[in-house]
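Asks: Encoded as C-alpha cells, here's the structure I'll be asking about.
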Amino acid sequence: MTKTDKTLYITGAGVSAESGIPTFRGEDGFWTIGSRNYTPQQMATRDMYMHNPGEFLKWYYNRFATYRHHGPNKVHHWLADKTLITQNIDGLDGKAGNPDYISIHGRLDEVTLFHHQGDDVERIRAPWDEVDDANLESSLLELFKIGKHGPILNESLKPYVLLFDEYYTELYEISRAQQQMLDAEKMVFMGTSFSVNITNMALEIARHNNIPVEVVDPNPTHILHSQVEYFAMTAQEYISR
C-alpha cells in the first residue's frame, strides 16, 4: 500500500477458490462436510478439541492441512502491497509476499501451545509434514502432545485457528485490525459472505464513519449501508478491469 492509499481490503474464501481451495459454504465447502458423527459446526470448536482431540485433529488435517502446499493466485499477488485483513487460514497472502497482512482467523501453517484464551503465547510452525497418514489419529495425537486424558494446558499443541466457540484476542491481532478499520477511507470486501463477526465489525465502523464500501463477489451479499457499490464478479475479474 502506498502512503496515500487508505483502502482496507477484507478477503474471504472466494479469493482462494482459484487456488483450488474450497470455499466454506459452496457445494464442496468446508462447512458442508463434517465427520462421520459430527457436523462441521460441531467439529470446529474448542470443546471438540478438548473432549475429542483425535476426531478434531483428523477432521482439521483432512479438511485443511491437505491444502497446505497450494500456491497463491493472481489476486493474492495483487493484494501483496495492500492493507489486508483476511478471514482465510491458508497463508496464501504470505506466500504471495504480503509482509504485514492480518490473518484474523489464524494460519494453517502455525500452531500454539494450548492456552487460556487471551494468554500471550508464541506461534510456531505446524508439524503437518511429520504426520504418518497410515496411522493418522495416533500420529496426530503424538505430534500435538495430547495424552490419553486430552490436551494439557501449556503443554499440548493446538492449531492456530479461531474456532466457533472462541473469541478474537490479541493472538489474532484484533486491536490492529480494528485500528485499520478506523483508519480506512474505503473498504473493499472480496469473496466473503458476511457471515462472520469480523465483517460485521468492519461494516459497523464503515456505517459509523460513513466510509465507502465495495463488495466483490459473483453473488454479492447485499448490505445495509448508504455508500456501497456492488461488483458481481470474481476477485480476478475485479482486479483485471
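Read-outs: derived from the displayed coordinates by stated rules, not from any lab. Computed from a predicted model, the values in this text were never measured in an experiment. Neighbour counts run over all protein chains shown; Cβ positions are idealised from the backbone, glycine included.
Asks: Where Rh denotes the Kirkwood radius from the mean inverse Cα pair distance, what is Rg over Rh for segment 36-112?
Replies: 1.05
Asks: Over what distance in Å are the Cα centres of segment 41-76 and segment 80-126 separated?
Replies: 14 Å
Asks: So what does the Cα-only Debye profile of segment 92-232 read at q = 0.10, 0.14 Å⁻¹, as log10 I(q)/I(0), no solvent term?
Replies: -0.47, -0.80
Asks: Please give every one of the lysines within straight-line cross-link reach of Lys6, meaning a C-alpha to C-alpha distance under 23 Å, and leave out same-chain neighbours fewer than 8 residues apart.
Replies: Straight-line reach from Lys6, under 23 Å: Lys74, Lys82, Lys186.
Asks: Then there's this: What are the equivalent ellipsoid semi-axes of segment 178-221, built from the alpha-carbon gyration tensor (square roots of five times its eigenvalues), in whole angstrom, biggest first?
Replies: 18, 11, 8
Asks: Largest first and to the nearest Å, give the Cα extent of segment 68-143 along each principal axis.
Replies: 41, 32, 16
Asks: Okay, next question. Give me, ordered by chain and number, the residues 5 or more places off Ile104 or on other chains with an amide H under 5 Å from its own placed amide H.
Replies: Thr86
Asks: In 10 Å bins starting at zero, report the fraction of Cα pairs in segment 122-170 per bin as a rounded %.
Replies: Taking every Cα pair in segment 122-170, the percentages come to 22, 48, 28, 2.
Asks: Further question: So what J values fall out for segment 40-55 if you push phi through Karplus, 6.51 cos²θ - 1.76 cosθ + 1.60 with θ = phi - 60°, rounded to Hz, Gly and Pro as x?
Replies: The phi angles translate into x, 5, 7, 5, 7, 9, 5, 4, 5, 4, 6, 9, 9, x, x, 5 Hz.
Asks: With only alpha-carbon atoms in the gyration tensor, what are the semi-axes of the equivalent ellipsoid for the chain, in Å, largest first?
Replies: Largest first, the chain gives 32, 19, 17 Å.
Asks: By a straight-distance test (C-alpha under 29 Å), which lysines pair with Lys145 as possible cross-link partners, with residues fewer than eight away in the same chain excluded?
Replies: Correct list for Lys145: Lys58, Lys95, Lys158.
Asks: Write down the percent of antiparallel bridges among all DSSP beta bridges whose residues are both part of the chain, to the nearest 5.
Replies: Here the share of antiparallel DSSP bridges comes out near 25 percent.
Asks: How large is ³J(HN,Hα) for each residue in segment 76-93, as worked out from phi by the Karplus curve 6.51 cos²θ - 1.76 cosθ + 1.60 (θ = phi - 60°), to whole Hz, x for Gly and Pro?
Replies: Going residue by residue, I get 4, 5, 5, 7, 4, 10, 9, 6, 9, 10, 10, 7, 7, 9, 6, x, 5, 5 Hz, with x marking Gly and Pro.
Asks: Now for a separate question. Just to check I understand the Karplus step: with θ = phi - 60° and J = 6.51 cos²θ - 1.76 cosθ + 1.60, what whole-Hz values come out for segment 216-229, glycine and proline as x?
Replies: 10, 5, x, 10, x, 6, 7, 10, 8, 6, 6, 10, 10, 10
Asks: Just add up the charged neighbours of Tyr238: K/R +1, D/E -1, any other residue whose Cβ is under 10 Å from the Cβ of Tyr238.
Replies: With Lys, Arg at +1 and Asp, Glu at -1, the neighbours total -2.
Asks: Among 202-211, 216-225, how do they line up from the highest to the lowest mean number of other beta-carbon atoms within 10 Å?
Replies: Result, highest mean Cβ count within 10 Å first: 202-211, 216-225.
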